[in-house]
Amino acid sequence: MSTRLSLDPAYLLDAIPAADLERAMARAREARETLLRRDGAGGEFLGWMDLPRDAPAERERILTAAQRIADSSDVLVVVGIGGSYLGARAVIDACAPQLAGNGLRVVYAGHHLSGRYLSGLLSSLSDARVSVNVISKSGTTTEPALAFRVIKTWMEARYGRAGAAQRITATTDRARGALRELAGTEGYETFVIPDDVGGRFSVLTPVGLLPIAAAGIDISALLDGADLERERALVADAADNPALHYAAIRQALRESGKAVEILASFHPELQQVCEWWKQLYGESEGKNGIGLFPASVCDTTDLHSLGQFIQDGSRNLFETFLTVAGEDMDTDVPVMDGDADGLNYLAGRNFSWINAQALHATALAHREGGTPNMTITIPALDAHSVGQLLYFFEAAVAFSGYAQGVNPFDQPGVEAYKRNMFALLGKPGFEDAAAALRAKDAQR
Ligand code: PA5
């Protein structure tokens, strides 16, 4: 069995004229050159390219903090939003079920504004030993800052101020921001998000590594996997470079009129990887009025809900299947006396084999229906494979974004709702914006 991530474009290439793909590939190669020269747009945010950095002291500190959290807690609450929580959640969901388990449960807060969720979460923790990792690069993002205010108060009521401080870890900017200041005042242990790594590219920094390590996942294997893919993505020629290929195919499909890419996982454990991918691709490419809309489904579940649309609805879609070559745990289909459900023809088969046939059948059917598709396969649901997948997607979106002619490392569009929200919430300094909104509303 291969130990490397692979990309199979079998059900797609006849959808793209060879000359178009060749042109897109040439642009992807140029994009990689720009990236390697570090002189393209957003060049100050290329720190992710060098991850994993050789930082043994930091890795040691992460492992020590993670062990302390695991030993002293039943639950770790990760407080963060967007790039400050999606990566950790993706890796933990993908890898944790196969672990013997260190017993630590990781839960999430600060990723939306539901007060009902937050109060329910805290009520559910009344008998648990709790630690908290609050993560915010800016230190000022409203959702995690509000959630952390509530959780900090709860922790202090539970453990006292000094006791709570020993159970709270903050991951934030080296020097700036409200969280950095608060962590200093309260004496929390802190980890740094490097200046040159943007939120959605930060999973291989302490942002992701601390909660992932606390969950008992081998971060050295994760980083080794990422490093392996890094060497291939940044160096290998197109013939042996799935990231370059993926970037070129996506751009060729976009130029042919496709508007939506659906990442379709055939494993529920990878659903959060799809969520992480949506942020990475949506924020990196959706700007200047162009870009592929990144959607996701989890199959075969969603074949029974969105399958009809993907087979037969608007033809502006293409699909990228995400699957796993080998399962470490599986279930065999037993023989049933009398064969009442007519499934004895599958007796002795395991679910992985059946799932693989379902993917193959879906790829054929959707291609016939006008939804071209390709398949990314990772070797296993383990840290090394997921590390490869993370770097593959990061490199590919950088190639693809530059090839598309945008800066893949900024996200100016996310500020618009924030300005309106601050105005409506009455934040000091937003009085004029609030008056302008009221005037607009009055005209409706
Ligand atoms: O990609 C990004 O930059 C964003 O999604 C951020 O990660 C998200 O808004 C959280 O920001 P912060 O870490 O500053 O709280």
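Ala175 is checked against (1) touching a strand residue (DSSP E or B) at 6+ places or on another chain (Cβ under 6 Å); (2) more than 11 Å from the ligand (Cβ to nearest atom); (3) modelled with pLDDT under 95 and fails just one. What number does that condition carry?
(1)
Tally the residues that are assigned to a loop (DSSP other than H, G, I, E, B) and hydrophobic (A, V, I, L, M, F, W, C), restricting the search to the range 400-437.
3
How many residues does the range 393-434 contain that are among the aliphatic types (A, V, I, L, M) and either under 13 Å from Tyr281 (Cβ atoms) or under 21 Å from the mean Cα position of the chain (by Cα) (or both)?
6
Tell me which of these Arg53 doesn't satisfy, since it passes every other one: (1) under 24 Å from Asn407 (Cβ atoms); (2) of a type outside the set (Gly, Ala, Ser); (3) in a helix (DSSP H, G or I).
So Arg53 meets the others, but not (3).
Evaluate the following for Ala434: is it of a type outside the set (Ser, Thr, Tyr) and in contact with a helix residue (DSSP H, G or I) (Cβ under 8 Å, 6 or more places away or on another chain)?
Yes; evaluated as a whole, the condition is true for this residue.
Identify the residue in the range 138-154 that is surrounded by fewer than 15 Cβ atoms within 10 Å (Cβ to Cβ) and not in a loop (DSSP other than H, G, I, E, B) and, among all such residues, is nearest to the chain's Cα centre (by Cα).
Top of the filtered list is Arg149.
Looking at Ala157, Ala162, Ala239 in this structure, which one is assigned by TED's automatic domain parsing to the domain that holds Ala395, over 26 Å from the mean Cα position of the chain (by Cα) and free of Cβ contacts under 8 Å to residues at least 60 places away in the same chain?
Only one candidate passes the filter, namely Ala239.
Among the residues of the range 233-244, which ones are crowded, with 20+ Cβ neighbours inside 10 Å and among the charged types (D, E, K, R)?
none
Mind telling me which of the residues Gly338, Gly342 ends up being assigned by TED's automatic domain parsing to the domain that holds Ala247, part of a helix (DSSP H, G or I) and either more than 24 Å from Tyr402 (Cβ to Cβ) or among the β-branched types (Val, Ile, Thr) (or both)?
Just a single option satisfies the conditions, and that option is Gly338.
Would you confirm whether any residue within the range 35-42 is at pLDDT 95 or above, surrounded by 23 or more Cβ atoms within 10 Å (Cβ to Cβ) and either more than 16 Å from the ligand (Cβ to nearest atom) or not assigned by TED's automatic domain parsing to the domain that holds Ala236 (or both)?
Among the residues of the range 35-42, not one is at pLDDT 95 or above, surrounded by 23 or more Cβ atoms within 10 Å (Cβ to Cβ) and either more than 16 Å from the ligand (Cβ to nearest atom) or not assigned by TED's automatic domain parsing to the domain that holds Ala236 (or both), which makes the answer no.
Is it true that Ala94 is over 17 Å from Thr190 (Cβ atoms), modelled with pLDDT under 95 and more than 16 Å from the ligand (Cβ to nearest atom)?
Answer is no for this residue.
Out of Val386, Val397, I need the residue that is within 17 Å of Phe201 (Cβ to Cβ), outside any strand (DSSP E or B), assigned by TED's automatic domain parsing to the domain that holds Ser296 and out of contact with any strand residue (DSSP E or B) (no Cβ under 9 Å at 6 or more places or on another chain). Which one?
One residue alone meets the criteria, Val397.
Just checking, does the range 123-132 include any residue being under 18 Å from the mean Cα position of the chain (by Cα), assigned by TED's automatic domain parsing to the domain that holds Pro194 and within 16 Å of the ligand (Cβ to nearest atom)?
There is no residue in the range 123-132 that is under 18 Å from the mean Cα position of the chain (by Cα), assigned by TED's automatic domain parsing to the domain that holds Pro194 and within 16 Å of the ligand (Cβ to nearest atom).
Criterion first (not assigned by TED's automatic domain parsing to the domain that holds Thr171 and not hydrophobic (A, V, I, L, M, F, W, C)) does Glu231 satisfy it?
For Glu231, the condition - not assigned by TED's automatic domain parsing to the domain that holds Thr171 and not hydrophobic (A, V, I, L, M, F, W, C) - is met.
For the range 47-91, how many residues are away from the ligand (no atom under 16 Å from the Cβ), in contact with a Ser or Thr (Cβ under 6 Å, 6 or more places away or on another chain) and not aliphatic (A, V, I, L, M)?
Residues in the range 47-91 being away from the ligand (no atom under 16 Å from the Cβ), in contact with a Ser or Thr (Cβ under 6 Å, 6 or more places away or on another chain) and not aliphatic (A, V, I, L, M): 1 in total.
Please specify each residue of the range 186-211 satisfying the condition of being under 16 Å from the mean Cα position of the chain (by Cα) and under 13 Å from Ala55 (Cβ atoms).
Val197, Leu204, Thr205, Pro206, Leu209 - these are the residues of the range 186-211 that are under 16 Å from the mean Cα position of the chain (by Cα) and under 13 Å from Ala55 (Cβ atoms).
Cβ-Cβ under 6 Å, sequence separation 6+ or interchain: first residue in the range 195-224 and crowded, with 22+ Cβ neighbours inside 10 Å, partner among the acidic types (Asp, Glu). Which pairs?
Short answer, once both residue conditions are applied: Arg200/Glu283; Phe201/Glu394.
Considering each residue of the range 139-163, count those that are among the hydrophobic types (A, V, I, L, M, F, W, C), under 17 Å from Val107 (Cβ atoms) and more than 12 Å from the ligand (Cβ to nearest atom), and give that number.
Within the range 139-163, residues that are among the hydrophobic types (A, V, I, L, M, F, W, C), under 17 Å from Val107 (Cβ atoms) and more than 12 Å from the ligand (Cβ to nearest atom) number 4.
The values are calculated or read from the model by the stated rules, or taken from the named source; none is laboratory data. In this text the structure is predicted, and so the values were computed from the model without any measurement. Cβ atoms come from the backbone with ideal geometry, glycine included; neighbour counts cover every protein chain shown.
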